[in-house]
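Below is one structure, written out as C-alpha cells; comments come after it.
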Amino acid sequence: MDNLSSFSIVTHGNAFSAGLSLDTLRERVPAVFAPSAHEKTSAKYTFIPTERVLTGLMRAGFVPVDARQTHARKASPLHARHVIRLRRRMETISLRDSIPEVVLWNAHDGSGAYQLRLGCLRVICLNGLIVSMGAFPSVRVAHRGDIVEEVVTSAIEISGRFGVLAGQVERMEDRLLRKDEQMQFAERALTIRFSDPAQSGLLPEQLLTCRRVEDLGSDLWTCLNKVQLCCARHNCTYVAMLVMWSDASGSAESLAYKAISSHN
C-alpha cells in the first residue's frame, strides 16, 4: 500500500491535527474547486462546487485528512472524479489501531451523484477500509438544487454510526480463527478478488503472511487486514469490505472487497 505523504499519525483525541488546508487541497485535487460543470451535463444538473460542500462539512466539525482524484490523459482535471476523507474534529470513538472516517465522492461531469460512505483507516499501515453497503448504508445525493445542507446532514448521520462500526471491529478482534478457518478465509478471498484465482499468482497461505509485527495474531480483524493487503493492487488506497457472519457465534464465512481508488 502507498503511504500518504501528508498523513501524520494521530491520536483519537486530536484527530484534527492531520487536517489538510484548502491550499493543499487546491494543489492535490483541483476538481474540488471547479468553477463550472462539464459541458456535457444536462439542463437538470445543478452545479454545486465540491468546495461549497466541503466548507459546509468543515463548519459542521469535519476535517479533510486526505483527497485524491482520477487522472486521465484526455479528460479535464477540473471535472475528474474525486474522493475526500474526513474525520470529526474531536473523535470520541477509540479503536485499537484504526480511526473512523466519512468518505465523500463527487464528479462534475454528470457521471454520478455525491456519495457518502463510512470508512475506517488502520493507522498501522495507512490502509483505508470502506464499509460496504451490505453492512452500513451509503448515501447518494443527486446534483439537483442546493444540496449542501443535505450532504452535511447525511455526513453527520453517518458519523453517528461510528460506534456501531467500532463494535463490529471489536467483535472481529475477539473472534479467533483456527488454522483451517484462516485458510478457508484466504481461499474465499482469492475467489472473490480474482475471476480466476489460479492466474493470480497467489496462494492462500501467502495472503496470511505476516508483514508487520502488528499483524501477528489469529483474530479475524488481523486476518482481514493481512488478506486485503496482499490482494489489493499496490497503488490502491481504499478497499471496500464486507464481512458476513454465518451464525450468532460469529464465524467468518466470506470476505468481499474491491479496489475503488488509485494513487498515481
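The values are calculated or read from the model by the stated rules, or taken from the named source; none is laboratory data. Bear in mind the structure is a predicted one, so any value in this text is a computation, not a measurement. All Cβ positions, even for glycine, are placed from backbone atoms using ideal geometry, and neighbour counts span all protein chains on display.
Quick notes
- Filtered residues of the stretch 201-230 (kept if assigned to a loop (DSSP other than H, G, I, E, B) and either loosely packed, with under 14 Cβ neighbours inside 10 Å or touching a strand residue (DSSP E or B) at 6+ places or on another chain (Cβ under 9 Å) (or both)): GLY201, LEU203, THR209, CYS210, ARG211, ARG212, LEU216, GLY217, SER218
- ALA166, sole failed condition from (1) touching a helix residue (DSSP H, G or I) at 6+ places or on another chain (Cβ under 6 Å); (2) outside the structural domain of PHE62 (by TED's automatic domain parsing): (1)
- Among the residues of the stretch 16-64, the ones that are touching a residue at least 12 places away in the same chain (Cβ under 8 Å), over 21 Å from the mean Cα position of the chain (by Cα) and outside any helix (DSSP H, G or I) come to 14 in all.
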